[in-house]
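The values are calculated or read from the model by the stated rules, or taken from the named source; none is laboratory data. None of these values were measured; they are calculated from a predicted model. For neighbour counting, all protein chains shown are included, and Cβ atoms are generated from backbone atoms with ideal geometry for every residue, glycine included. Surface areas here come from the heavy atoms of the whole protein model, side chains and all, with no ligands, DNA or RNA. Shrake-Rupley method; radii C 1.70, N 1.55, O 1.52, S 1.80 Å.
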Amino acid sequence: MKIFVHGSGHRAASWKQTLARMKNNADIVCPELSSLTGETEATYANLYSAFSEYCDGAGGGIHLCGLSLGGILAMNYASDHPDKVGSLVLIGTPHKMPGAAFALQNLVFRLLPKSVFRNMAFDKKNTFVLGNSMKRLDLTDMVRNIVCPTLIVCGEKDRANIASARFLAQNIGGSALRIVENTGHVVSEENPEALAKILDEYYEAIMSKTGRN
């Protein structure tokens with residue numbers, strides 16, 4: 001099973017355009033992060049606990065693909081449970097929170113009306129709860145625990161995360177890096193055709209090595 005995890009600024013539907021262009025998408029599930037936490041306050045600890053429980057329920061050998069916050073969750077899980085993850089794809093994923101950019105984002109969010117958050121992972125209240133709980137999040141040491149095949153993808157114009165993409169590629173053993181030209185942070189929506197091709201090629205290579213169809 002392949003689990004595609006969306007970012008904090010989007011919902012599960014943000015994968016729709018990419019999935020529509022992939023050749024093999026029958027075994028892909030896209031959980032809604034807000035559904036995983038339910039009524040529980042959306043701190044990172046609570047979200048990661050709920051995500052871990054979801055992944056555990058999927059059985060072993062899962063393939064995780066996450067964008068931004070989704071990538072952080074996937075990377076965290078792959079580090080904590082190396083025996084359960086068959087492969088990992090990290091798209092526009094920071095390995096630690098960029099302080100200045102994060103503070104600016106929170107400032108902008110405070111000025112936005114509640115209605116804007118309907119298209120985001122969480123409502124306005126929980127978006128701030130999540131943001132505050134992640135201010136000092138740093139997965140630098142965890143990165144070296146990842147042993148599964150890993151693909152790092154980043155948009156060429158994603159200035160906030162391209163340095164992190166290179167760091168991840170250098171510090172996750174046997175990983176590969178793909179930079180998507182003329183594309184920003186949300187690769188799944190900005191360039192779904194290119195991302196679909198990258199993912200199809202990657203998963204075909206992974207399955208051929210493991211002898212699976």
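Selection over the stretch 144-162 of residues that are open to solvent by 70 Å² or more (accessible area, probe 1.4 Å) and out of contact with any helix residue (DSSP H, G or I) (no Cβ under 7 Å at 6 or more places or on another chain) gives a count of 4.
Residues that are open to solvent by less than 40 Å² (accessible area, probe 1.4 Å), in a loop (DSSP other than H, G, I, E, B) and at pLDDT below 95 are absent from the stretch 166-185.
Can you tell me which residue among GLY57, GLY70 is modelled with pLDDT of 85 or more and open to solvent by 30 Å² or more (accessible area, probe 1.4 Å)?
GLY57
Considering the stretch 1-41, the residues that are in contact with a strand residue (DSSP E or B) (Cβ under 7 Å, 6 or more places away or on another chain) and assigned to a helix (DSSP H, G or I) include one that is farthest from THR127 (Cα to Cα), namely LEU19.
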